[in-house]
Amino acid sequence: MFKPVPTRYNVTLLEEEVSRLWKTQRVFDKRRSLRQDASPFIVYERPPSVCGKPGLQDALARVHQDMWLRYKTMRGLRVLRYNGWNTHGLPVELLAEKRLDLTSKGQVEQVGIDRFNDFCRQLALDGIRGWEHLDERLTGWEETNAVPSSHNNQSIASVWSLFKQAWTRGLVYQAERVTPYCPRCGTTLADYESALGTEQIDSQATCVRLPLLEDPGTSLLIWTEHIWNLLGNVAVAVNPNAEYVIVERDFPEGEAGKDQRPEKLILARALLNRVFGEGAVRVYETFRGSKLKGIKYRPLFQFQLADKPAYRVILDDFYISETGSGLQQLTPAFDAQALQLARQNDLPILTPIGPDGMFVSDIRPWRGMFFNDAESYIQQDLQERGLLFRTEIHNQNAAFCCGCGTPLLPVVRNAWYLRIQNSEADWALGRERFWGTPLPLWQCIKCEHQLVIGSQEELSHLAGRNLAEMDLHRPFVDEVAFACPQCDGLMRRLPQVLDAGLDAAALSLPLPPRDVEQTYPADILIESAEQSQAWFYALHALSNLFFDGPAYRRWIDLPTLVEAGEKKASDDHPAHVDPWDVIHDHGADALRWAFLSACSSGDRLKFSSELLVTARNDCISPLWDTYALLVNTAVQAGWNPGPLDLPAQGSPAILDRWISSRLHGLLKELTAALEGYDATAATMLLQSFVADLAGVYIPLSRQRFAEKAAADDRQAVCSTLYQTLVTLSQMLAPFIPFLADEFHHKLVRSFDFSSSISVHLTDWPAADEAAIDLELDRRMVLLQRIASLGRSVRTDAGIALYQPLPGAVVMLNSQDEIDALQPFTDLLVDALHIRQVSYEIDGTLMSPDEVRIILDPHLTVELVQEGLADELIRRIQDFCQKAGFPQDASVHLFINATPRLAGAINAFQTRIMEGTHCLELKLVSQPSSQQSGTESVIEQGRSSRRLYTMIEFDGERATFGIEKVSDH
């Protein structure tokens, strides 16, 4: 038999109870066993960085992934997840530095790499535990024990094997290139990491004169976004085919050189007006850029001596943009294009900035100063020497370290790269750090022969000892040396570690020796592109490397979550919202529904508590209220589901046939939306059905649930609602799995122990086409439209919704429409809260779906009293529900009311008592001194607790006390 359920429930207790059931019954193991022979559905998941606690953006991804995995499992597929924990990399190292109170890479080396890496390991393990806890609470997944971590020896060896395969194919190489470099972290970064930390900022761009060596009165005019890089200038490039001009102008008053003869400046003709404006200068000469080849100019600075001919004009066929002067100043140490031109033209490379981002000792005025901090001093120096032409505010992309926030230095460095097919840029793999997969490359200290190790076994063989138990991290792997096969020298490992993005991609991909044909490519990727750039980049690189194709068939681009003020949701932002706070306050199901219903692919989703309130009010609460109504009515009536229950479409009640039609129509549309991978559309369909179920079917069927309802009708409505909720629980299972399983256990499992232990072990239901009645659906839509019009008319006329009216006239466009609506008359009377309805034809209506309504506003005393009594019943029911009374709890009522309301109570006392399960109703002449709260009373030797409240509506006021007598 059913057991009563509360009208309000503790969401945390319910969800934790369901979660415990999943664990004790090993539901997810059973699900795997159930689908072990089914067709696979492959999912590659981004291994989350376990640095710190997961945030809302992480929860968003987890919810979407879990929803699709649950749905595909119910569709009969064997879901294979390739995922892991990303435990390596700069985020973990920087957190360790913070916890250990370290501020630089050098301090880490002083502490000791072994101690530092051990601390990183502990942070990673703590992070994994936090993630596992959230996963269990938010999704219920219990597979975390099988999930690999990138810091495990097995994962490191897998990446070594991958690296060796790429090396063997000639895809790994070492090169000197301009690459993003973080001076604070002391490491090279990949281009995608630079992009992650890129921001648009307004900065000061600078125009500078370069006086010609043989004609100091004439200068090349150059432009740069970063004045500090002028200390590395070695040449200027011009386009040989573009037109350039020499212009003559007088020095403006107050500018250095004003007493000299007019100066001459060389720039591109196309930018003449941009630089000087109309008529500000005289064009002295026009010529092609090729004429400038080889012209020498005076160096801006002479702190570092060039070891090759420099400070000259070279030619390059570049595009002249709308900014600058049309002459490109070349600093090969800080610009990739300049480095290429330097190599082509045998130019020197000057490096005035050291690995710490400070100017080296050669740069005497600014030595030891951080490169960005020196800009104002360099500008002042150029101005004092008459070389500064002007400065201007310029909007540019500025790159910052995505880990520590330090400005990145684009600088020439010797680094290891992975050649990427179909990509403009190769992948800088090496990191000069500590906590990561060690670069598996040993080099002879004598002949420089290089050897890549592909496994721990291979390393043991070469070292001549068993290294199976050795931690493969630094510094232990650094100590492993062996004889060079090419000479009598010693092979030692190069000190770099690999990009943690390589680890993450390797964890996600089904790399050999797995059965690649069965597990590649992924059927689906579910991630935010903006939040997962590094992983997408690495996944693309490895997929092209090993499979020569894309890694996935379909990609669902999740929105980027933002909080108040449009700030991205992240752990390190002050506006961060802890997912645990949300789950504690609202429940996991509410958070899931909020994310799934509010998300559109690739958009930005502004998170607020209103999303959660909407999820609770529009979905969770109406579902629970409907479920509680069914169960408590069944308890009261002694009704139990059984094989003799008629299908809803066999019920004579229009409402039963309609809700069954809506249910199976929903199932058909919902399945189509999910097969089209549209989660938002799917949730909107479900939400619309819940609104019809709780907002139309239940209110219009309310009298059928009452004790005085006919037995057959009461059984029919219970049977219909039961079948609806059972099927709906299966449809809701992927979206709100906790509440769905609560329904399944109480409605199905408690009556049939041969049924599945969990709704998540059932198959996705199939729509019954015979139950779908589109014409019935259309009529009910029309009925709801009429009811909505009636509410609007009431509002405009100032008539309360609770007030019954004598009647209404409904106007349709034909007699056929009137005849079709006649069977719905009783429902229409209830929906409009009127005594009777009549129909008329209105020839001006153009469509069968158009309708007009006229309400009769004339009220009798009896109608007014009935309306007041009904509103009082509703207020008392709401108060009892908020007080936590069971739905069928008997009460005593003590009411002090205004005269008109007291008259309504006397006239409709029986109705009020039946509607509130009241055993005794007393009208008292004096209001209680207790306007609200609780009071202990003793009457006739009986002690009880009386709850008080005061209500006001429509100019009436009542203070009433309620005593709960008993629960049936």
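The values are calculated or read from the model by the stated rules, or taken from the named source; none is laboratory data. Note that the structure is a prediction, hence the values are computed from the model and not measured. Every residue, glycine among them, receives a Cβ derived from its backbone with ideal geometry; neighbour counts consider all protein chains shown.
Please indicate, with yes or no, whether at least one residue in region 871-886 is over 46 Å from the mean Cα position of the chain (by Cα) and of a type outside the set (A, V, I, L, M, F, W, C).
Within region 871-886 (the criterion being over 46 Å from the mean Cα position of the chain (by Cα) and of a type outside the set (A, V, I, L, M, F, W, C)), the answer is no, since none of the residues qualifies.
Check region 507-519 and report whether any residue there is at pLDDT 85 or above and under 25 Å from L418 (Cα atoms).
Checking region 507-519: at least one residue is at pLDDT 85 or above and under 25 Å from L418 (Cα atoms).
For F753, all conditions in the list (1) touching a Ser or Thr at 6+ places or on another chain (Cβ under 6 Å); (2) more than 26 Å from M67 (Cβ to Cβ); (3) not in a helix (DSSP H, G or I) hold save one; what is the number of the exception?
Against the list (1) touching a Ser or Thr at 6+ places or on another chain (Cβ under 6 Å); (2) more than 26 Å from M67 (Cβ to Cβ); (3) not in a helix (DSSP H, G or I), F753 comes up short only on (1).
Looking for something crowded, with 20+ Cβ neighbours inside 10 Å, of a type in the set (S, T, N, Q), within 21 Å of Q784 (Cα to Cα) and modelled with pLDDT under 95 - is there at least one such residue anywhere in region 699-708?
There is at least one residue in region 699-708 that is crowded, with 20+ Cβ neighbours inside 10 Å, of a type in the set (S, T, N, Q), within 21 Å of Q784 (Cα to Cα) and modelled with pLDDT under 95.
With a cut-off of at least 1 residues that are without any contact (Cβ under 8 Å) to a residue 24 or more places away in the chain, name the strands (runs of 3 or more DSSP E) lying wholly within region 364-471.
Fully inside region 364-471 and qualifying: 450-452.
Could you list, in sequence order, the residues of region 842-859 that are surrounded by fewer than 13 Cβ atoms within 10 Å (Cβ to Cβ) and either under 52 Å from the mean Cα position of the chain (by Cα) or hydrophobic (A, V, I, L, M, F, W, C) (or both)?
T844, M846, S847
Confirm whether S508 is surrounded by fewer than 17 Cβ atoms within 10 Å (Cβ to Cβ) and either within 25 Å of F547 (Cα to Cα) or among the hydroxyl-bearing types (S, T, Y) (or both).
So S508 fails the test.
Checking the conditions here, which among P485, P495, P510 is within 17 Å of H88 (Cα to Cα) and assigned to a loop (DSSP other than H, G, I, E, B)?
Just a single option satisfies the conditions, and that option is P495.
Step by step: first the residues of region 715-750, then only those that are assigned to a loop (DSSP other than H, G, I, E, B) and farther than 17 Å from F2 by Cα, then the one that is nearest to the chain's Cα centre (by Cα). Which residue is that?
By that ranking, first place goes to F735.
The conditions are (1) farther than 30 Å from Q380 by Cβ; (2) in contact with a Leu (Cβ under 9 Å, 6 or more places away or on another chain), and T168 fails exactly one of them. Which is it?
The one condition T168 does not meet is (2).
Could you tell me which of the residues E199, E225, E176 is of a type in the set (D, E), more than 37 Å from the chain's Cα centre (by Cα) and surrounded by fewer than 19 Cβ atoms within 10 Å (Cβ to Cβ)?
Selected residue: E176, the only one of E199, E225, E176 that is of a type in the set (D, E), more than 37 Å from the chain's Cα centre (by Cα) and surrounded by fewer than 19 Cβ atoms within 10 Å (Cβ to Cβ).
In region 268-296, which residues are of a type in the set (G, A, S) and either in contact (Cβ under 8 Å) with a residue 60 or more places away in the chain or loosely packed, with under 12 Cβ neighbours inside 10 Å (or both)?
G277, G279, G294
Taking T633, is it buried (at least 22 other Cβ atoms within 10 Å of the Cβ) and β-branched (V, I, T)?
Judged against the criteria, T633 is a match.
Pull out all pairs, ordered by first then second residue, where Cβ-Cβ is under 6 Å, the residues are six or more apart or on different chains, the first lies in region 309-320 and is in the same structural domain as G294 (by TED's automatic domain parsing), and the second is of a type in the set (F, W, Y).
The qualifying pairs are Y311/Y297.
Scanning region 63-84 for residues that are assigned to a loop (DSSP other than H, G, I, E, B) and under 24 Å from P550 (Cα atoms), which turns out modelled with the lowest pLDDT?
This residue is N83.
Conditions tested, residue by residue: (1) surrounded by fewer than 18 Cβ atoms within 10 Å (Cβ to Cβ); (2) free of Cβ contacts under 8 Å to residues at least 40 places away in the same chain; (3) of a type in the set (A, V, I, L, M, F, W, C).
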{"site": "V759", "(1), (2), (3)": "no, yes, yes"}
{"site": "A766", "(1), (2), (3)": "yes, no, yes"}
{"site": "I772", "(1), (2), (3)": "no, no, yes"}
{"site": "Q784", "(1), (2), (3)": "yes, no, no"}
{"site": "A787", "(1), (2), (3)": "no, no, yes"}
{"site": "G790", "(1), (2), (3)": "no, no, no"}
{"site": "T795", "(1), (2), (3)": "yes, yes, no"}
{"site": "Y802", "(1), (2), (3)": "no, no, no"}
{"site": "G807", "(1), (2), (3)": "yes, no, no"}
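Criterion first (in the same structural domain as F738 (by TED's automatic domain parsing), out of contact with any strand residue (DSSP E or B) (no Cβ under 8 Å at 6 or more places or on another chain), modelled with pLDDT of 95 or more and closer than 30 Å to Q533 by Cα) does T671 satisfy it?
Here the answer is no, as T671 does not meet what is asked.
Somewhere in region 44-62, is a residue in a helix (DSSP H, G or I), outside the structural domain of S756 (by TED's automatic domain parsing), surrounded by fewer than 17 Cβ atoms within 10 Å (Cβ to Cβ) and not basic (K, R)?
There is no residue in region 44-62 that is in a helix (DSSP H, G or I), outside the structural domain of S756 (by TED's automatic domain parsing), surrounded by fewer than 17 Cβ atoms within 10 Å (Cβ to Cβ) and not basic (K, R).
Going through region 10-37 one residue at a time, which ones are part of a loop (DSSP other than H, G, I, E, B) and buried (at least 17 other Cβ atoms within 10 Å of the Cβ)?
If the condition is that a residue be part of a loop (DSSP other than H, G, I, E, B) and buried (at least 17 other Cβ atoms within 10 Å of the Cβ), then R35 is the only one that fits.
Is it the case that some residue within region 860-871 is in a loop (DSSP other than H, G, I, E, B) and either exposed (fewer than 13 other Cβ atoms within 10 Å of the Cβ) or assigned by TED's automatic domain parsing to the domain that holds R702 (or both)?
yes
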